[in-house]
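Input: a single structure, listed below in structure tokens.
The values are calculated or read from the model by the stated rules, or taken from the named source; none is laboratory data. Worth saying up front: this structure is predicted, and the values here are computed from it rather than measured. Counting neighbours? That spans all protein chains shown, and the Cβs are built from the backbone with ideal geometry, glycine included. Heavy atoms of the whole protein, side chains included, go into the accessibility calculation; ligands, DNA and RNA do not. Shrake-Rupley method; radii C 1.70, N 1.55, O 1.52, S 1.80 Å.
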Amino acid sequence: AVTRRQQIEHQAFLTLLAERRGVAVAPVVAAVVDDRGDALLVLQRVGPGLGDSLSEIDDAVLSSCWRTLVDLHEAGIRHGAISPERLQLVGAAVHLSDFDRAVIGSDVASRRLDQAQLLATTAVVADTDRATAAAAAALGADGLAAVTSYLQPAALTPSLWRQAAAAGVDMDMLRKAAVTSVGGTDEQLQP
């Protein structure tokens, strides 16, 4: 079993590593462990969450979401829990936060899960057409086509699944829109 201290150290390390490698993140302010083993990690909130923004999410913000995720993957890190509240807006720039499920050295399937979560997240805060267009611009037609077999409720965090349902985002429809936008064929879902 992982202790609370180890969880905090893991999250702080991955946040600092991502920041050091040039990824836009909510920076670590402090990490504290007391004599009883209770631990606390404090991150700076750099802006509102993507879903909390009072302004409409424009195409520049959607592009920034993808740029930040591409930067994270190029740094060799997988986030593991992309959702609107874990993406913070600073102007049109998007910063990632909450690296509690992040891992180093992610494989292709792990990156595809992050991409599927980001596509669902952007569909929740914008709309399906704009979300798929931003994903296609960032990943290319082949990259987006590879993500479509991961677009399913099982790929989402419970929080993101609830937000998608509340926003009326149907994963089957999102997958079909993504497939159609790149002129591909609907592939069998990943197990």
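Taking only protein heavy atoms and a 1.4 Å probe, what accessible area per residue, in Å², does segment 123-191 have with all protein chains in place?
50
Roughly what angle does helix 4-20 make with the longest principal axis of the chain, taking Cα atoms, 0 to 90 degrees, to the nearest 10?
Helix 4-20 sits roughly 60 degrees off the main axis of the chain.
Going by a ≥ b ≥ c, the root eigenvalues of the Cα gyration tensor, does segment 9-55 fall in the rounded group (a/c under 1.5), the prolate group (a/b larger than b/c) or the oblate group?
Verdict is oblate for segment 9-55.
How far is helix 59-74 tilted, in degrees, relative to the longest principal axis of the Cα atoms in the chain, given as a value from 0 to 90 rounded to the nearest 10?
Compared with the principal axis, the helix lies near 60 degrees.
For the residue pair Leu16 and Arg4, what label-to-label distance in nm results when each label sits 7 Å from Cα along the Cα-to-beta-carbon direction?
2.1
Decide, for segment 103-191, between rounded, prolate and oblate: order the square roots of the alpha carbon gyration tensor eigenvalues as a ≥ b ≥ c, take rounded if a/c falls under 1.5, and otherwise choose prolate if a/b is larger than b/c, else oblate.
Rounded, since a/c falls under 1.5.
Testing the spin-label approximation: label points 7 Å from Cα along Cα→Cβ at Asp172 and Gln188. State their distance in nm.
1.9
What do you get for trypsin sites (Lys or Arg not before Pro) in segment 1-76 restricted to DSSP loop and a cutoff of at most 10 other Cβ within 10 Å of the site's Cβ?
Arg36
Going by accessible area, probe 1.4 Å, with all protein chains left in place, what is the ranking of Ser63, Ser159, largest first?
Ser63, Ser159
Could you tell me what percent of the accessible area of the chain is made up of carbon and sulfur, with a 1.4 Å probe and every protein chain present?
Here carbon and sulfur together make up 51 percent of the probe-accessible area.
Rounded, prolate or oblate: pick one for segment 18-114, where a ≥ b ≥ c are the square roots of the eigenvalues of its C-alpha gyration tensor, a/c under 1.5 means rounded, and failing that, prolate if a/b is larger than b/c, else oblate.
Oblate, because a/c is 1.5 or more while a/b does not exceed b/c.
Compute the acute angle (0 to 90°) between the alpha-carbon long axis of helix 158-167 and the principal axis of greatest extent of the alpha-carbon atoms of the chain; round to the nearest 10°.
It is inclined by approximately 40 degrees.
Based on the alpha-carbon set only, what is the convex hull volume of the chain divided per residue, in Å³?
Dividing the Cα hull volume of the chain by its residue count gives 118 Å³.
Per DSSP H run of n ≥ 4, the term is -39500 (n - 2.57); total these for the chain, divide by its residue number, and report the mean residue ellipticity at 222 nm rounded to 500 deg cm²/dmol.
-16000 deg cm²/dmol
Could you work out the relative contact order of the chain, using alpha carbon pairs under 8 angstrom and six or more residues apart, expressed as a whole percent?
It rounds to 19 percent for the chain.
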